[in-house]
Amino acid sequence: MPNTILLASANPHKVEELKQILEPYGIELKSTLDYPGGVHVEEDQPILEGNALKKARYWNLFSGLPALADDTGLEVDALNGAPGVLSARYAGENVTYAQNVTKLLHELDGMNNRKARFRTVIAFVNGKSEHLFEGVCEGEIIHEPIGDKGFGYDPVFRPNGYQKTFAELHAEEKNRISHRGRALQKFLEYLKM
């Protein structure tokens with residue numbers, strides 16, 4: 001098991017979430033913030049797996065550390081799987097989380113089918129060794145944002161079996177049931193092998 005892994009992300013929310021999950025395993029998590037000479041890797045692949053691999057490959061080469069990268073999409077049934085791979089920029093480039101949520105709620109206005117899922121694909125690249133791990137959390141999109149924890153679409157996503165949105169759940173509980181948490185569990189099981 002590696003002692004240090006580079007997370008191919010500068011998103012402070014994501015870095016903190018993953019630190020909490022990896023800490024009990026004695027793994028030190030670095031991020032792209034620790035390597036200011038690197039470039040921003042454009043997420044231009046048509047599928048989540050492609051974006052995750054592209055980021056992990058670049059940061060593994062750049063840093064020399066085993067690199068972990070993910071791409072996450074919110075897939076809404078009534079919108080034919082949108083926003084999907086475009087979730088972070090659904091309302092356009094350089095938009096806020098709130099703008100993405102507003103666009104999503106507008107698109108779903110008047111629709112009864114609000115089934116959705118978060119899907120995360122994690123890529124782990126360590127030299128020539130490449131592995132993918134997927135996590136899915138089924139749920140629904142509620143009609144207005146509730147809660148102030150989490151980020152992104154968390155205030156409007158209520159996971160199946162819960163009366164609260166992701167933005168209302170404590171970090172430990174969300175990490176246990178979330179798409180990213182499930183993908184990371186698969187990654188951690190791989191590390192133990």
Exercise. Which condition breaks for Ala8 when tested against (1) exposed (fewer than 13 other Cβ atoms within 10 Å of the Cβ); (2) among the small types (Gly, Ala, Ser); (3) within 21 Å of Lys186 (Cα to Cα)?
Worked result: (1)
Seminar exercise, completed: Those residues of region 100-151 that are under 14 Å from the mean Cα position of the chain (by Cα) and aliphatic (A, V, I, L, M) come to a total of 5
For this session: Considering each residue of region 143-181, count those that are surrounded by fewer than 16 Cβ atoms within 10 Å (Cβ to Cβ), of a type in the set (A, V, I, L, M) and under 22 Å from Asn112 (Cα atoms), and give that number.
Result: 1
Seminar exercise, completed: Gly92 vs (1) out of contact with any helix residue (DSSP H, G or I) (no Cβ under 6 Å at 6 or more places or on another chain); (2) modelled with pLDDT of 95 or more; (3) of a type outside the set (A, V, I, L, M): all pass except (2)
Seminar exercise, completed: Checked against (1) in a helix (DSSP H, G or I); (2) under 23 Å from Leu191 (Cβ atoms), Gly50 satisfies every condition except (2)
For this session: With the checklist (1) in contact (Cβ under 8 Å) with a residue 12 or more places away in the chain; (2) at positive phi; (3) of a type in the set (Gly, Ala, Ser) in hand, flag the one item Ala88 doesn't pass.
Result: (2)
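Among the residues of region 10-22, which ones are of a type outside the set (A, V, I, L, M, F, W, C) and either in a helix (DSSP H, G or I) or modelled with pLDDT of 90 or more (or both)? Lay out the reasoning, then the answer.
Of region 10-22, the ones of a type outside the set (A, V, I, L, M, F, W, C) are 11-14, 16-17, 19-20.
Within region 10-22, Pro12, His13, Lys14, Glu16, Glu17, Lys19, Gln20 qualify.
Which of the residues spanning region 23-47 are part of a helix (DSSP H, G or I) and out of contact with any helix residue (DSSP H, G or I) (no Cβ under 8 Å at 6 or more places or on another chain)?
Here is the first cut: in region 23-47, the ones part of a helix (DSSP H, G or I) are 23-25, 32-34.
Within region 23-47, Glu23, Pro24, Asp34 meet the criteria.
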For this session: Working only within region 166-180, note down all residues that are of a type in the set (A, V, I, L, M), over 14 Å from Glu134 (Cα atoms) and assigned to a helix (DSSP H, G or I).
Result: Ala167, Ala171
Exercise. Does any residue in region 40-68 that is loosely packed, with under 15 Cβ neighbours inside 10 Å come within less than 9 Å, Cβ to Cβ, of a residue that is acidic (Asp, Glu) six or more places away or on a different chain, and which pairs are these?
Worked result: Ile47/Asp71
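Table: residues versus (1) part of a loop (DSSP other than H, G, I, E, B); (2) not aliphatic (A, V, I, L, M).
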site	(1), (2)
Ala123	no, no
Glu130	no, yes
Gly147	yes, yes
Arg182	no, yes
Exercise. Which residue pairs have Cβ atoms closer than 7 Å, lie 6 or more positions apart in sequence or on different chains, and pair a first residue in region 160-189 that is under 27 Å from Val125 (Cα atoms) with a second residue that is among the hydroxyl-bearing types (Ser, Thr, Tyr) and buried (at least 21 other Cβ atoms within 10 Å of the Cβ)?
Worked result: His179/Thr72; His179/Thr120; Arg180/Thr72; Arg180/Thr120; Ala183/Thr120
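Are any residues in region 149-165 among the basic types (Lys, Arg) and in a strand (DSSP E or B), and if so, which ones? Spell out the reasoning first.
We begin by selecting, within region 149-165, every residue among the basic types (Lys, Arg); these are 149, 158, 164.
The answer is Arg158, and nothing else.
The values are calculated or read from the model by the stated rules, or taken from the named source; none is laboratory data. Computed from a predicted model, the values in this text were never measured in an experiment. Counting neighbours? That spans all protein chains shown, and the Cβs are built from the backbone with ideal geometry, glycine included.
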